[in-house]
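Working notes, beginning with the structure itself.
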Amino acid sequence: MNIDSDTKLYCLIGHPISKSLSPLIHNFSFNENKINAKYLTFDVKENNLKMAISGLKALGVQGFNVTIPYKTEIIQYLDELSEEAKLIGSVNTVKNVNGKLIGYNTDGMGFIESLKENKIEIKEKIVLVIGAGGAGRAICMMLAKEGAEKIHIINRTIDKAKKLSKELNSIFDDVLITYGSLDNKKIDFKNIDIVVNCTSVGMYPNIDETPINPNHFTSKTTVYDIIYKPIKTKFLKFAEKRGCKILNGLDMLIYQGILSEEIWLDMNLNVEKVKKNVKSRSLQR
Ligand code: ATR
């Protein structure tokens with residue numbers, strides 16, 4: 001679509017933002033849905049966040065995504081938060097409603113949608129979550145909200161796993177939440193239904209690393225790595241060899257993007273074409 005005086009601008013702010021797939025997702029979707037809008041990325045350096053938000057607001061930008069390292073810091077500049085953003089404690093999507101900035105979080109729902117699409121039940125399941133950073137937190141909150149029976153959180157810094165499990169326990173009293181270290185010897189791997197890697201271990205360029213030793217998994221376990229660079233991490237390759245069902249982070253990324261766009265445009269979008277396009281284009285990169 002051509003750019004004219006009615007073209008709306010949407011964007012991503014973060015640092016660094018190079019190699020982000022979000023422009024691919026949104027510009028393809030805008031085009032497919034005949035929406036006169038463009039999506040750009042802006043690398044906002046530290047200390048410039050406040051100024052960047054004022055600028056986006058002054059220019060009447062309709063909506064934007066927020067990524068590392070600003071997902072929590074952005075909250076102080078927003079006028080309102082959705083229930084999910086409050087629960088997760090971070091924002092990845094902002095909608096500008098007549099100058100009022102409303103913060104949402106679609107990361108957690110993106111994760112849940114990708115499980116649903118792959119017909120993986122969460123209700124009453126036992127889940128091992130590796131990582132207690134921002135992504136781990138969002139995913140644990142959604143797993144608990146969706147009715148997981150037990151969530152065991154392991155993390156390099158054990159205090160962070162402890163803090164997150166305490167917080168989850170105080171919100172969800174019907175979910176059993178435990179924590180431990182990455183080399184936790186007490187994990188009963190044969191009882192785990194789903195494992196989710198929410199750490200950056202194994203991400204490009206450190207593609208030879210795995211967050212934990214995957215040799216204990218049995219074929220009944222679904223192994224999900226939220227990393228999408230590379231598409232199949234070493235962790236997933238090992239799990240696949242053990243007969244596990246494996247999922248990478250690309251579907252979660254696409255769903256969170258489409259969910260953001262649905263919030264901005266207030267309409268339902270068809271995710272299938274976007275998925276096909278982004279998957280084929282991202283494999284070429
Ligand atoms: P994100 O928002 O992507 O979750 P984050 O909040 O910085 O980013 O969290 C990164 C996660 O990866 C954390 O669980 C981190 O462990 P620590 O809490 O101990 O820092 C984990 N992580 C990063 N590098 C790691 C490494 N080399 N070994 C083990 N865990 C690592």
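The values are calculated or read from the model by the stated rules, or taken from the named source; none is laboratory data. From a predicted model like this one, the values you see are computed outputs, not experimental measurements. Ideal geometry is used to build each Cβ from the backbone, glycine not excepted, and the neighbour counts take in all protein chains shown.
Listed by first and then second residue, the pairs with beta-carbon distance under 7 Å, at least 6 apart or on different chains, first residue in the range 139-158 and over 13 Å from Asp174 (Cβ atoms), second of a type in the set (S, T, N, Q) and within 14 Å of the ligand (Cβ to nearest atom), are Ile153/Ser165; Ile154/Ser181; Ile154/Asn184; Ile158/Ser181.
Condition check ((1) within 16 Å of the ligand (Cβ to nearest atom); (2) under 16 Å from the mean Cα position of the chain (by Cα); (3) not in a helix (DSSP H, G or I)) across all residues:
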position	(1), (2), (3)
Leu143	yes, yes, no
His152	yes, no, yes
Lys162	yes, no, no
Asp174	no, no, yes
Lys185	no, no, yes
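Applying the criterion of being over 23 Å from the mean Cα position of the chain (by Cα) and not hydrophobic (A, V, I, L, M, F, W, C) to the residues of the range 187-216, the residue that is nearest to the ligand (Cβ to nearest atom) is Asn213. Would you mind finding the one in Ile187, Ile158, Ile112, Ile153 that is under 19 Å from Leu87 (Cβ atoms), in contact with a Gly (Cβ under 9 Å, 6 or more places away or on another chain) and not small (Gly, Ala, Ser)? Selected residue: Ile153, the only one of Ile187, Ile158, Ile112, Ile153 that is under 19 Å from Leu87 (Cβ atoms), in contact with a Gly (Cβ under 9 Å, 6 or more places away or on another chain) and not small (Gly, Ala, Ser).
Just one of the listed residues (Ile75, Ile68) is at pLDDT below 95 and closer than 29 Å to Lys163 by Cα, namely Ile68.
Total residues in the range 31-58 satisfying the condition of being out of contact with any Leu (no Cβ under 9 Å at 6 or more places or on another chain) and not acidic (Asp, Glu): the figure is 14.
Which residues, taken from the range 66-80, are buried (at least 16 other Cβ atoms within 10 Å of the Cβ) and over 12 Å from the mean Cα position of the chain (by Cα)?
Tyr70, Ile74, Ile75, Tyr77, Leu78
Ala37: crowded, with 21+ Cβ neighbours inside 10 Å and either of a type in the set (Gly, Ala, Ser) or in contact with a Lys or Arg (Cβ under 6 Å, 6 or more places away or on another chain) (or both), yes or no? Against the criterion (crowded, with 21+ Cβ neighbours inside 10 Å and either of a type in the set (Gly, Ala, Ser) or in contact with a Lys or Arg (Cβ under 6 Å, 6 or more places away or on another chain) (or both)), Ala37 qualifies. A single entry from Ile88, Ile171 fulfils the requirement of being surrounded by fewer than 23 Cβ atoms within 10 Å (Cβ to Cβ) and touching a residue at least 12 places away in the same chain (Cβ under 8 Å): Ile171.
Taking only pairs six or more apart or across chains, which ones have beta-carbon atoms under 7 Å, a first residue in the range 236-259 that is touching a residue at least 12 places away in the same chain (Cβ under 8 Å) and on the phi > 0 side of the Ramachandran plot, and a second residue that is in a loop (DSSP other than H, G, I, E, B) and surrounded by fewer than 21 Cβ atoms within 10 Å (Cβ to Cβ)? Filtered contacts from the range 236-259: Gly243/Ser219.
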